[in-house]
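Data first, discussion second: the structure below is written as structure tokens.
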Amino acid sequence: MSDRYISHFPKPDGLPRELLEILAEECAEVVQRVTKALRFGLDESQPGQPFTNAARIGHEVGDVLATLERLQDINVLRRADVAHGVESKRRQLLIFLQNEPVTERV
């Protein structure tokens, strides 16, 4: 008997695998854009780039959301699980944010 764990579940292939690969790539691109914004500022634009770091983060997050939607459409991810994650994170942010949230003045 071995202590080694070998999963008996099938690995994703075809469209589910491709979309998961794309999701990983898009998440990495969000990380890269956020890192640039932290280093150079949200309003900075790279030379030859018409969009600010803030706009580019938004574009990359949009790519993630579109990929998540597609994964939900083909039942790789359940919408209820994603909604649960969103609500859970909202609660965590209320508890653990170290800075006061910015509120709009009316």
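The values are calculated or read from the model by the stated rules, or taken from the named source; none is laboratory data. All values derive from a computational prediction rather than experimental measurement. Because the Cβ atoms are built from the backbone with ideal geometry, glycine has one as well, and the counts that use them run over all protein chains shown.
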Could you tell me which residue of the range 22-43 is nearest to V64 (Cα to Cα), considering only residues that are among the aliphatic types (A, V, I, L, M), within 12 Å of the chain's Cα centre (by Cα) and surrounded by 13 or more Cβ atoms within 10 Å (Cβ to Cβ)? L23
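Considering only residues that are charged (D, E, K, R) and more than 12 Å from the chain's Cα centre (by Cα), which ones fall in the range 48-63?
If the condition is that a residue be charged (D, E, K, R) and more than 12 Å from the chain's Cα centre (by Cα), then R56 is the only one that fits.
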Assigned to a helix (DSSP H, G or I) and free of Cβ contacts under 8 Å to residues at least 24 places away in the same chain: which single residue out of L38, L42, L19, L23 fits that description? L38
Working only within the range 20-45, note down all residues that are basic (K, R) and closer than 12 Å to D63 by Cβ. R33
Which residues, taken from the range 1-34, are modelled with pLDDT of 95 or more and of a type in the set (D, E, K, R)? K11, D13, R17, E18, E21, E25, E26, E29, R33
Scan the range 92-102 and tell me whether some residue there is surrounded by 12 or more Cβ atoms within 10 Å (Cβ to Cβ), in a helix (DSSP H, G or I) and among the β-branched types (V, I, T). no
Among the residues of the range 44-51, is any under 20 Å from R17 (Cβ atoms), out of contact with any strand residue (DSSP E or B) (no Cβ under 7 Å at 6 or more places or on another chain), surrounded by 11 or more Cβ atoms within 10 Å (Cβ to Cβ) and at pLDDT 95 or above? no
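Answer yes or no as to whether V86 is surrounded by 11 or more Cβ atoms within 10 Å (Cβ to Cβ) and under 17 Å from the mean Cα position of the chain (by Cα).
So V86 fails the test.
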Scanning the range 64-83 for residues that are under 20 Å from G14 (Cα atoms), more than 15 Å from the chain's Cα centre (by Cα) and assigned to a helix (DSSP H, G or I) gives D73
